[in-house]
1. Return the total of residues in region 58-74 being buried (at least 18 other Cβ atoms within 10 Å of the Cβ) and either in a helix (DSSP H, G or I) or touching a residue at least 60 places away in the same chain (Cβ under 8 Å) (or both).
2. Condition first: modelled with pLDDT of 95 or more and exposed (fewer than 14 other Cβ atoms within 10 Å of the Cβ). Can you find one or more residues in region 41-56 that meet it?
3. Examine region 76-90 for a residue that is surrounded by 14 or more Cβ atoms within 10 Å (Cβ to Cβ), under 17 Å from the mean Cα position of the chain (by Cα) and not in a helix (DSSP H, G or I), and state whether such a residue exists.
4. State all residues of region 106-133 that are part of a strand (DSSP E or B) and either aliphatic (A, V, I, L, M) or crowded, with 20+ Cβ neighbours inside 10 Å (or both); if no residue qualifies, say none.
5. Taking the options Ser107, Ser102, Ser55, Ser50, name whichever one is free of Cβ contacts under 8 Å to residues at least 12 places away in the same chain and either touching an Asp or Glu at 6+ places or on another chain (Cβ under 8 Å) or under 18 Å from Ile135 (Cα atoms) (or both).
6. Residues that are at pLDDT below 95: which helices (runs of 4 or more DSSP H) entirely in region 155-227 hold 3 or more of them?
7. Report every pair of residues separated by at least 6 positions or lying on different chains whose Cβ atoms are under 7 Å apart, first residue within region 180-198 and in contact (Cβ under 8 Å) with a residue 24 or more places away in the chain, second outside any helix (DSSP H, G or I).
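The values are calculated or read from the model by the stated rules, or taken from the named source; none is laboratory data. Quick caveat, the model's predicted, so the values are computed rather than measured. Positions of Cβ are generated from backbone atoms using ideal geometry, with glycine treated the same way; all protein chains shown enter the neighbour counts.
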Amino acid sequence: MADAHDDPGHITWGWKDSALGKRQWYYAKVLRRKATLISLEIAPYFYALSENYGSPTEDHIIAYQAGRLTLEAKQIYDVILEKGPLHTIELRRAARLTNKGSDAIFSRALDVLQADFKVLPVGVAEAGSWHYSFIYDLTARHYPNLPQKAQQISEAEARQKLLELYFAAVGAAQLRDVLRLFGWSSELSQRALTRLVNGGQLTGGLTWPNQPGEWFALSALEQASAH
């Protein structure tokens, strides 16, 4: 980890931490359950694909009863719902996940809750042995307008928008790349790619030297390479 005050990594880390909670962008472990920065304009498209249906006090219970949320994740969510924003040390204690064997379970539960847009870091507290601990709050409470904006977006529209942004960034990719990044099912991913091909945004059926399988590319990029 960067520790020199003039190190670019240290500066970037500090900038990110100082901006938490200021609602300048959405930050949480989302794509591949890794730290992800998302613009507030695009966040509703991600939220539209989450298992949140408009009731922050009930959605996690439904997910738990259906077996899609672990007991530990439910406990963490319930604590934040009841007590408000908490840093990880307080959160573990209140959720009764403080024994050594629960370290990985706690981290995994937090990752799941973040990936499904249920909780997110909103600040940093000087707590714990490292004097550095994220403060977590409910996504729907920190961004109260996000659920309403997401309700206006269908799942198909959300996947199409996110794929358009993805291909605008990478130019060309395969189905497996989409699956790896977004975690969608193969069927839903293929359907979204087909819509973009039919709409003219992407060109499918492409090949790449020494790379097996079908490639998809921005139509404008593919047309430019043809001339």
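1. Let us first name the residues in region 58-74 that are buried (at least 18 other Cβ atoms within 10 Å of the Cβ), namely 59-60, 63, 69, 72-74.
Now narrow it down to the ones that are either in a helix (DSSP H, G or I) or touching a residue at least 60 places away in the same chain (Cβ under 8 Å) (or both): 59-60, 63, 72-74.
Summing the residues that are buried (at least 18 other Cβ atoms within 10 Å of the Cβ) and either in a helix (DSSP H, G or I) or touching a residue at least 60 places away in the same chain (Cβ under 8 Å) (or both) in region 58-74 gives 6.
2. Looking through region 41-56, at least one residue is modelled with pLDDT of 95 or more and exposed (fewer than 14 other Cβ atoms within 10 Å of the Cβ).
3. no
4. Residues of region 106-133 part of a strand (DSSP E or B): 119-125, 133.
If the condition is that a residue be part of a strand (DSSP E or B) and either aliphatic (A, V, I, L, M) or crowded, with 20+ Cβ neighbours inside 10 Å (or both), then Val119, Leu120, Pro121, Val122, Val124, Ala125, Ser133 are the ones that fit.
5. Values: Ser102 fails: free of Cβ contacts under 8 Å to residues at least 12 places away in the same chain; Ser55 fails: either touching an Asp or Glu at 6+ places or on another chain (Cβ under 8 Å) or under 18 Å from Ile135 (Cα atoms) (or both); Ser50 fails: free of Cβ contacts under 8 Å to residues at least 12 places away in the same chain.
Going through Ser107, Ser102, Ser55, Ser50 in turn, the sole match is Ser107.
6. Numbers: elements: 155-170, 175-182, 186-198, 219-226.
Those helices (runs of 4 or more DSSP H) span 219-226.
7. Once the first residue is in contact (Cβ under 8 Å) with a residue 24 or more places away in the chain and sits in region 180-198, its partners that are outside any helix (DSSP H, G or I) give Leu193/Leu202; Leu193/Gly204; Leu193/Phe216; Leu196/Leu202.
Residues are listed down the side, and each one gets a yes or a no for (1) loosely packed, with under 12 Cβ neighbours inside 10 Å; (2) among the small types (Gly, Ala, Ser); (3) in the same structural domain as Asp111 (by TED's automatic domain parsing):
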residue	(1), (2), (3)
Leu179	no, no, no
Leu188	no, no, no
Leu193	no, no, no
Leu196	no, no, no
Gly199	yes, yes, no
Thr203	no, no, no
Pro212	yes, no, no
Trp215	no, no, no
Leu218	no, no, no
